[in-house]
Amino acid sequence: MERFMQLGQDVALLLGAYWKQYLSGLGNTLALAIIATVIGCVIGLACGILNTIPCSPHDPMPKRVLLRLVRILVRVYVEVFRGTPMVLQSVFIYYGLPYFSNNTMRFDNIWSAAILIVSINTGAYMAESVRGGILSIDPGQTEGAKAIGMTHVQTMLHVILPQAFRNILPQIGNNFIINIKDTSVMFIIGFTELFAAHRYITGVNLMYFPSAAIEMIAYLTMTLIASALLRLLEKVLDGSDNYELVQTDSLTMTAGTYNHPAKGSPFDERSKEQRERVEQELKFGRNRGDR
């Protein structure tokens, strides 16, 4: 118990002295994660759509060659950036480009470098998520859209992508949560995010564990809030769980409302005397005067 009390005192001491640094790092982390996730989703959407463009042997040769080349490039991009750590990608992009271009290609703005690195990494993961979301839609919907004269672009925009977006929404939120945590590797290029603030503060006062506790609580708080907002968005997109049958339109009651003369139906509002009269008419016929 004494250790926990001492930890609380050290945390309070650090927050009192360095709260501005922690808050600045937290803001940079959130801003970088949000911007990079949005750009990464756009990259993944473009790659996913390119991977699902239909190509048949009857198409012109230039189209087939171009699509095959594009798919090879997309596949190489996805495999490279999914198969290597982001910290190494940061080193190769931030330090490697100036090295191979004799400093003609270098980043003068650290924000542009960080956004580019995280966005490209996110796009590689989102490319496969978008492709899977598009393929999860029933092919009959694509055939139906083509049957009414819709082009491939119209089918994707108005039929496939709206449904695919709902299917890949959990993965978008998952990538956003991952980006909140993975931005911690951006200290390798000098970007000041939450983890970089922690490294600076511990380098000054050597209180590593209390500062790490602050970092853990901050990251956990951000990810929990992001998860709650994601679930709320999914609930809004799913709509209501209960639907009431509209009975003001007679067309809504035309199916499945056949009435047995003796048993009626669940929607039968006629009295028992009316059902008995109908049964008698079916057995003995209707009188001429009743017709």
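The values are calculated or read from the model by the stated rules, or taken from the named source; none is laboratory data. For clarity, every value in this text was computed on a predicted model and none was experimentally measured. Quick reminder, even Gly has a Cβ in these numbers, built from the backbone with ideal geometry, and neighbours come from all protein chains shown. Just so you know, the surface numbers come from the protein's heavy atoms only, side chains and all, with ligands and any DNA or RNA stripped out. Shrake-Rupley method; radii C 1.70, N 1.55, O 1.52, S 1.80 Å.
Residues in segment 54-76 that are under 19 Å from Y125 (Cα atoms) and in contact with a helix residue (DSSP H, G or I) (Cβ under 7 Å, 6 or more places away or on another chain) were compared, and the one that is most open to solvent (accessible area, probe 1.4 Å) is R71.
Could you go through segment 97-105 and let me know if any residue there is more than 30 Å from A164 (Cβ to Cβ), open to solvent by less than 50 Å² (accessible area, probe 1.4 Å) and either among the charged types (D, E, K, R) or at pLDDT below 90 (or both).
The first filter runs over segment 97-105 and keeps only residues more than 30 Å from A164 (Cβ to Cβ), leaving 97-105.
Within this subset, residues satisfying the condition of being open to solvent by less than 50 Å² (accessible area, probe 1.4 Å) are 98, 101.
Filter again for either among the charged types (D, E, K, R) or at pLDDT below 90 (or both), leaving 98, 101.
Looking for residues that are more than 30 Å from A164 (Cβ to Cβ), open to solvent by less than 50 Å² (accessible area, probe 1.4 Å) and either among the charged types (D, E, K, R) or at pLDDT below 90 (or both), one finds at least one in segment 97-105, hence yes.
When restricted to residues that are in a loop (DSSP other than H, G, I, E, B) and either modelled with pLDDT of 85 or more or open to solvent by 40 Å² or more (accessible area, probe 1.4 Å) (or both), segment 206-248 contains 11. One residue stands out in segment 1-50 among those that are surrounded by fewer than 21 Cβ atoms within 10 Å (Cβ to Cβ) and among the small types (G, A, S): the one that is farthest from A114 (Cα to Cα), namely G8. Among the residues of segment 187-197, just one is outside any loop (DSSP other than H, G, I, E, B), under 18 Å from T223 (Cα atoms) and open to solvent by less than 10 Å² (accessible area, probe 1.4 Å), namely L194.
Restricting attention to segment 179-219, the residues that are more than 29 Å from S112 (Cβ to Cβ) and without any contact (Cβ under 8 Å) to a residue 40 or more places away in the chain total 5. Inspect all residues belonging to segment 146-156 and state whether any of them is assigned to a helix (DSSP H, G or I), hydroxyl-bearing (S, T, Y) and more than 23 Å from L30 (Cβ to Cβ). Within segment 146-156 (the criterion being assigned to a helix (DSSP H, G or I), hydroxyl-bearing (S, T, Y) and more than 23 Å from L30 (Cβ to Cβ)), the answer is yes, since at least one residue qualifies. Going residue by residue through segment 79-94, is there one that turns out to be touching a Phe, Trp or Tyr at 6+ places or on another chain (Cβ under 8 Å), over 19 Å from Q171 (Cα atoms) and aromatic (F, W, Y)? The answer is yes; a qualifying residue exists.
Taking helices (runs of 4 or more DSSP H) as the structural unit, those lying wholly within segment 45-132 and holding at least 1 residues that are free of Cβ contacts under 8 Å to residues at least 40 places away in the same chain and closer than 30 Å to T151 by Cβ correspond to 61-82.
Would you mind stating whether V38 is under 30 Å from H152 (Cα atoms) and without any contact (Cβ under 8 Å) to a residue 24 or more places away in the chain?
On the way: under 30 Å from H152 (Cα atoms): yes; without any contact (Cβ under 8 Å) to a residue 24 or more places away in the chain: yes.
So V38 passes the test.
The residues of segment 77-96 that are out of contact with any Asp or Glu (no Cβ under 9 Å at 6 or more places or on another chain), open to solvent by less than 40 Å² (accessible area, probe 1.4 Å) and farther than 18 Å from S184 by Cα amount to a single one, G96.
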